[in-house]
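Asker: Before we start, here is the structure in question, set down as structure tokens.
The values are calculated or read from the model by the stated rules, or taken from the named source; none is laboratory data. Since we're looking at a predicted model, the values are computed, not measured. Note that each Cβ is placed from the backbone with ideal geometry, even for glycine, and that neighbours are counted across all protein chains shown.
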């Protein structure tokens with residue numbers, strides 16, 4: 001199956017020469033584990049400023065695709081482009097954010113965890129000020145000196161978002177980051193993420209298996225089926241068609 005209906009169109013190299021390259025372009029990504037296909041000729045494109053949700057059932061290859069997008073995994077075939085240039089190794093412009101609340105360093109205070117997203121050396125006064133500013137943005141301005149175990153699950157996710165945004169990456173690759181918190185906290189974190197992306201001019205590819213979350217967050221919603229294929233994009237997805245796609249049907253009626 002050729003998955004060219006997700007904003008893929010002409011190649012990223014062609015777009016770059018024309019001066020309109022997307023921020024991220026995955027072209028014909030195929031990957032297998034121990035001979036078993038995981039991703040099958042999947043392509044997608046993200047323009048600067050988009051929050052694109054990748055929706056699919058558990059185990060279909062969504063996280064694997066994120067790792068390919070971040071160049072943490074090399075595909076068997078296909079290419080990854082960042083602003084029209086092929087990339088094969090991780091870089092500071094792309095950062096992954098996971099659902100695991102233990103992604104923070106437990107031996108570091110909240111402020112020091114966020115500073116790790118800015119510098120690996122001794123922080124300057126300006127860097128400390130930047131860390132405190134982003135912590136204030138996520139509602140943790142009074143928790144600078146706490147350790148992760150002293151925070152609730154939602155607060156730890158806020159701290160993880162603060163660390164991710166502190167380094168000013170351009171692209172956030174998000175693997176169900178809010179799956180482990182309850183519904184009220186999830187809604188708060190969704191709104192926080194939208195605000196941070198808007199204020200910091202970020203772009204995100206957000207993986208989820210939750211239809212409501214995809215419809216709430218996504219400027220576009222893509223669906224991956226159980227065969228690791230990205231289905232043709234529905235320009236106006238709704239709950240019924242997305243649920244049907246997750247159950248093995250097509251996105252469009």
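Asker: Taking only pairs six or more apart or across chains, which ones have beta-carbon atoms under 7 Å, a first residue in segment 34-56 that is closer than 19 Å to residue 196 by Cα, and a second residue that is surrounded by fewer than 20 Cβ atoms within 10 Å (Cβ to Cβ) and at pLDDT below 90?
Answerer: Here the result reads none, with nothing in segment 34-56 linked to a residue that is surrounded by fewer than 20 Cβ atoms within 10 Å (Cβ to Cβ) and at pLDDT below 90.
Asker: Only one of 132, 145, 168, 120 is under 21 Å from residue 50 (Cα atoms), surrounded by fewer than 18 Cβ atoms within 10 Å (Cβ to Cβ) and without any contact (Cβ under 8 Å) to a residue 40 or more places away in the chain; which?
Answerer: 168
Asker: Then there is this: Which members of segment 235-247 meet the condition of being touching a residue at least 60 places away in the same chain (Cβ under 8 Å) and in a loop (DSSP other than H, G, I, E, B)?
Answerer: none
Asker: Here's a follow-up. Can you tell which of 196, 215 is modelled with pLDDT under 95 and in contact with a helix residue (DSSP H, G or I) (Cβ under 8 Å, 6 or more places away or on another chain)? Steps first, please.
Answerer: Values: 196 fails: modelled with pLDDT under 95.
Of the residues listed, the single one that is modelled with pLDDT under 95 and in contact with a helix residue (DSSP H, G or I) (Cβ under 8 Å, 6 or more places away or on another chain) is 215.
Asker: Answer yes if at least one residue in segment 180-192 is under 30 Å from residue 40 (Cβ atoms), crowded, with 18+ Cβ neighbours inside 10 Å and touching a residue at least 40 places away in the same chain (Cβ under 8 Å), and no otherwise.
Answerer: Checked against the condition, which is being under 30 Å from residue 40 (Cβ atoms), crowded, with 18+ Cβ neighbours inside 10 Å and touching a residue at least 40 places away in the same chain (Cβ under 8 Å), segment 180-192 yields no hits at all.
Asker: Oh, and also: For segment 148-161, enumerate the residues that are crowded, with 18+ Cβ neighbours inside 10 Å and more than 12 Å from residue 189 (Cβ to Cβ).
Answerer: Once the filter is applied, which keeps residues that are crowded, with 18+ Cβ neighbours inside 10 Å and more than 12 Å from residue 189 (Cβ to Cβ), segment 148-161 yields 148, 151.
Asker: Might you let me know whether segment 219-234 holds any residue that is in a helix (DSSP H, G or I) and either surrounded by fewer than 19 Cβ atoms within 10 Å (Cβ to Cβ) or touching a helix residue (DSSP H, G or I) at 6+ places or on another chain (Cβ under 9 Å) (or both)?
Answerer: Within segment 219-234, none of the residues are in a helix (DSSP H, G or I) and either surrounded by fewer than 19 Cβ atoms within 10 Å (Cβ to Cβ) or touching a helix residue (DSSP H, G or I) at 6+ places or on another chain (Cβ under 9 Å) (or both).
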